[in-house]
Amino acid sequence: MSSNRISVAILLIFTLLAFACSQNIYRENNKAHKKTVKEAAAIIQEIPKTKAELDYDTLSITDEWVGTTNFSIRKPNYVIIHHTAQDSLAQTISTFTLPRTQVSSHYVVGRDGEIVQMLNDYLRSWHAGKGRWGNDTDLNSASIGVELDNNGSEPFTTAQIESLLVLLKRLKWKYGIPTANFIGHSDIAPSRKVDPSIYFPWKKLAEEGYGLWYEEEVVFPVLTFQDSSSIAIENTDTIPEERIDPMLALRIIGYDVSDPKAAMRSFKLHFVQRDIESGWTETDQRILENLYKKYL
Ligand SMILES: [Zn+2]
């Protein structure tokens, strides 16, 4: 082969290599992913040990293995929504593929509405962290994590919310997730988290069947006049004499009230969406008193 031909061949090889690399930037990452999936699958495939195989004595396990024929895989029963607090989809994907960050989610929804699925729904992603909802303290095991690409101080895009609604529809249908179980990260971790931000359209989601909302016409009744103009009533004269303890009502909804101020702030972030830091107001109390009954 002439030296010219050799250099052309070398150039071709390098071009092909460069092309192959650009097509497989996640190859190493995906290999590591598959390895972890295999390890999880091996745990599921393990046959429980019999009394004879165990090195400790127990009366509750028989000498002989008896496998039931009636079972299936456990399903997620919550969806927890987040904002990424990062500047781009690429940045979030990078965060979720670096082992040292120890964080991930099942889905990331881009500002343009593109959805990246990063984990099988049946596996446990690390999005919830330490938290509590009702008496459930392992939300990662029970939920699907959905992250929205958003820096935390900007509105969510229309395309992003539309995509999110399509995703939620599929998840709700596929796993039979109850309407009340579409919640935010700040709901389950009030003292640690403030996502999704005040811009997140919880009311719109509730109207579509994802999460609950209070009855606005009851909480904020409106007087309508004959000329069809209307004014909102200041509701101070219709306050019931018996007020519910806000901590009790928040607890019924699901909030961890071990830090009362944080629980109130998280409730306001989700259901009031203004004056988050201004303390507990009459409006907040009225919304809470209407809402908690839906969780009874
Ligand atoms: Zn979060």
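Restricted to helices (runs of 4 or more DSSP H) entirely inside the range 111-225, those with at least 2 residues that are buried (at least 17 other Cβ atoms within 10 Å of the Cβ) are 139-142, 158-175, 185-188, 202-207. Do you know which residues across the range 174-227 are of a type in the set (S, T, N, Q) and farther than 16 Å from residue 292 by Cα? Correct list: 186, 191, 197, 224, 226. Taking residues in the range 139-153 that are under 13 Å from residue 109 (Cα atoms), and partners anywhere that are more than 10 Å from the ligand (Cβ to nearest atom) and among the small types (Gly, Ala, Ser), the pairs with Cβ atoms closer than 8 Å and at least 6 places apart or on different chains are 145/104; 145/125; 149/88; 149/110; 150/197.
Does residue 153 satisfy the condition of being more than 28 Å from residue 99 (Cβ to Cβ) and within 16 Å of the ligand (Cβ to nearest atom)? Spelling it out, residue 153 is indeed more than 28 Å from residue 99 (Cβ to Cβ) and within 16 Å of the ligand (Cβ to nearest atom).
Taking the options 272, 257, 222, name whichever one is among the hydrophobic types (A, V, I, L, M, F, W, C), modelled with pLDDT under 95 and not assigned by TED's automatic domain parsing to the domain that holds residue 167. The conditions single out 222. Checked across the range 181-199, the condition of being acidic (Asp, Glu) and within 16 Å of the ligand (Cβ to nearest atom) holds for at least one residue. Within the range 62-88, residues that are within 21 Å of residue 129 (Cβ to Cβ) reach partners that are charged (D, E, K, R) and within 16 Å of the ligand (Cβ to nearest atom) with beta carbons closer than 6 Å, at six or more positions or on different chains, in the pairs 82/147; 82/195; 83/195; 84/147; 84/149. Restricting attention to the range 63-85, and to residues there that are part of a loop (DSSP other than H, G, I, E, B) and within 16 Å of the ligand (Cβ to nearest atom), which single residue is surrounded by the most Cβ atoms within 10 Å (Cβ to Cβ)? Only one residue tops the list, namely 84.
The values are calculated or read from the model by the stated rules, or taken from the named source; none is laboratory data. These numbers come from a predicted model, not from an experiment. Cβ: placed from backbone, ideal geometry, glycine included. Neighbour counts: every protein chain shown.
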